[in-house]
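Here the structure comes first, spelled out in structure tokens, and everything after it is commentary.
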Amino acid sequence: MNHPRVFSIDGMHCGSCVARITEAVKANPSVQTVTVDLAAGQMEVRAEIALSDREITDLVASAGAYTAQAITAATPSAPAAEPESRSFWATYRPLFTLVALLALVPALSLGESLTAHSWMRWFMAGFFLSFSYFKLLDIKSFADSYRMYDWIAKVIPAWGLAYPFVELGLGLAYAADWAPSATNWITLVLMVVGAGGVIQSNLQKKSIRCACLGTVFNLPMSTVTIVEDLSMAAMAAWMIV
């Protein structure tokens, strides 16, 4: 594989731009990894064979009103090292903090009526309501990021636009204890399918941002995402049984 190539990108404004550029550059079969840093306005590309600057800038331009310019070889690794410099805790702190609060609130509020089943129901209600909220802040950008790895959204792009509302509906269904069997089965299927797409992308070593908290937080897709999906699937399966 070639050494990383770094380009400055003009015209990026949000996570949707990142997703479009990433997808456009990855369309070249020689490209193995693409890492787009929205804050720095830069992109790192690794490819199996040497690609010219023009080939890569044309790929970026095909994504929309974006322009790319190669950065000299003297500074290729500086932007690429920035994301890796963040510690595991610093990267996932927003996710872990939210999950901890979602776990603590029902445990404290249920009091003597606390059971494993009641805790799971309220945890999942809070989980889906909270996660859908972040996705609904920018549905289009979420859908663009989600389509990069979700099996269904790749085939049916509209699924990415609908998914935040599906999560919202599941959250309300858990809170109201409405049709618990159907709610748990839907959750189980969605979480297993979601985990499958994440596992495949991780095995292919794709550098894709996790869309679990929408585009508000820049979370990389990793084993944490797989554990998150499979844990929700396991809770749904436990409540079905």
Response to the item:
Scanning segment 99-118 residue by residue, the ones that are surrounded by fewer than 13 Cβ atoms within 10 Å (Cβ to Cβ) and not in a helix (DSSP H, G or I) total 1
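Here's the yes/no breakdown for (1) buried (at least 19 other Cβ atoms within 10 Å of the Cβ); (2) basic (Lys, Arg); (3) touching a residue at least 40 places away in the same chain (Cβ under 8 Å):
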| position | (1), (2), (3) |
| --- | --- |
| 40 | no, no, yes |
| 43 | yes, no, no |
| 46 | no, yes, yes |
| 60 | yes, no, yes |
| 64 | no, no, yes |
| 69 | no, no, yes |
Item to complete: Considering only segment 1-25, state which residues are touching a residue at least 60 places away in the same chain (Cβ under 8 Å) and in a helix (DSSP H, G or I).
Response: 15, 16, 18, 19, 20, 22, 23
Worksheet item: How many residues does segment 171-186 hold that are out of contact with any Leu (no Cβ under 8 Å at 6 or more places or on another chain) and not charged (D, E, K, R)?
Response: 9
Practice prompt. Please tell me if residue 90 is crowded, with 20+ Cβ neighbours inside 10 Å and either in the same structural domain as residue 225 (by TED's automatic domain parsing) or modelled with pLDDT under 90 (or both).
Written response: no
Item to complete: Would you mind stating whether residue 162 is over 21 Å from residue 202 (Cβ atoms) and surrounded by 18 or more Cβ atoms within 10 Å (Cβ to Cβ)?
Response: no
Practice prompt. Scan 98, 108 and give me the residue that is more than 21 Å from residue 169 (Cα to Cα), modelled with pLDDT of 90 or more and in the same structural domain as residue 184 (by TED's automatic domain parsing).
Written response: 108
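The values are calculated or read from the model by the stated rules, or taken from the named source; none is laboratory data. What you see is a predicted model, and the numbers here were worked out from it, not measured in a lab. With ideal geometry, Cβ positions are generated from the backbone for all residues, glycine too; neighbour counts draw on all protein chains shown.
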